[in-house]
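Each value in this text was obtained by applying a stated rule to the coordinates, not by laboratory testing. Everything numeric here is computed off the predicted structure, so don't read it as measured data. Note: ideal-geometry Cβ built from the backbone for every residue, glycine included; neighbour counts use all protein chains shown.
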Amino acid sequence: MNIEWYIVLSSLLFATGVLGILIRRSPMVILLCLELMLNAGNLALVAFSRMVGNGQGQVFAVIVMVIAACEVVVGLGLIVAIFRRRLPLNVDDLRELRG
Amino acid sequence: MEAVVFFVAAIGALGGAIGVIAMRNPFYSVLALIVHLFSLAALFLLLTSAFVAAAQVVVYAGAVMVLYVFVVAYVGGGGESAWEPIPGQRLLAPLLAIALFVELSIAVLGSALKALETKGPEVSAGFGNPAAIGRLLLEKFLLPFEASSILLLLAAVGAIVLAARRREGEGDTPSKHSPSRLEGVSPSP
């Protein structure tokens, strides 16, 4: 398969993640959609790494995985803290910090 | 053969992604994301990057998704309200997503990268295996590697501080399991 197929698939997955963030209200599903977008980026990185024939893009992908794990841990910690305070788990209700 | 594997994995990845945003129950969304991650690992294998594929399965589909499943089981599903703060948000959002997809595709495919229409150069048998990635990480990218390990440590400490029970927090259920060793670290409520 040519590299462009992977790139088109990656942009399709990224657009799906954006769509999920726009239409869903639950912070947990929004975190999952962030994962989708990060993974789309990972796919593009690995595809470009194969295109150049150089392994450095794969190192980038591994670092992106680390960043994604950190984001998940902090995000899920926030969700647990919100749940403990009996606040609604809905991003439209959690708008106190909005100016 | 390669095309068959690619299309099966691509359909799995796309179907998983659509499942994540379409499922009502967050638990099913997590399961759909696991399907998506396994399909992406197959795509990584097609791109001859074995280490990234293995890390994807072990770290993502293994560890991170277990964390998600635990939190979903703890917090529970719960339906989403149909209230829209922006009128017509559910109609505008797909249009924006399609526009973003078209824009990204034009930006990448319309670039002058001639190598996009090839399969990439011939690579040696060791391309993307753990030895090659490990050598790159420890020789060329040592500083990002160490920085990411510090970031992981910070995230773990931050998550403990965020999710730990507070001593006299408002709305918290008092529990005898309250971890006393975190009292010094937890911010005042």
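Choose one of A:18, A:65, A:29: the residue whose Cα lies farthest towards the positive end of the charge dipole of the protein assembly as shown (beta-carbon charges +1 Lys, Arg; -1 Asp, Glu; about the Cα centre). Checked the options; the winner is A:29. Taken over the protein assembly as shown, the ratio of Cα radius of gyration to 2.2 N^0.38 Å equals 1.09.
Find the relative contact order for chain A and round it to a whole percent, using C-alpha pairs within less than 8 Å whose residues are 6+ positions apart.
Once divided by the residue count of chain A, the mean separation gives 28 percent.
Quick one: pull the percentage of alpha-carbon pairs in the range A:51-99 with a separation above 15 Å. Result: 64 percent of Cα pairs exceed 15 Å. Sorted into 5 angstrom bins from 0, the C-alpha pair distances of the range B:91-148 split as 4, 14, 11, 10, 10, 15, 18, 11, 6, 2 percent.
Residues in the range B:153-158 carry Karplus couplings, in order, of 4, 4, 5, 5, 5, x Hz; the curve used is 6.51 cos²θ - 1.76 cosθ + 1.60 with θ = phi - 60°, and Gly or Pro positions show x.
Here the gap between residue B:86 and residue B:112, fully extended at 0.36 nm per residue and compared with their Cα-Cα distance, gives a gain of 5.4 nm. Just need log10 I(q)/I(0) for the range B:1-155 at q = 0.10, 0.11, 0.17, 0.19 Å⁻¹, Debye formula, equal scatterers on the alpha-carbon atoms, no solvent, rounded to two decimals. Values, matching the q order: -0.57, -0.69, -1.31, -1.35. The radius of gyration of the Cα set in chain A, together with its Dmax, comes out at 16.6, 52 angstrom. Roughly what angle does helix A:56-84 make with the longest principal axis of chain A, taking Cα atoms, 0 to 90 degrees, to the nearest 10? Helix A:56-84 sits at roughly 10 degrees to that axis.
Computed extension length for residue B:63-residue B:146: 27.8 nm, one decimal, from 0.36 nm per residue of separation with the Cα-Cα distance subtracted.
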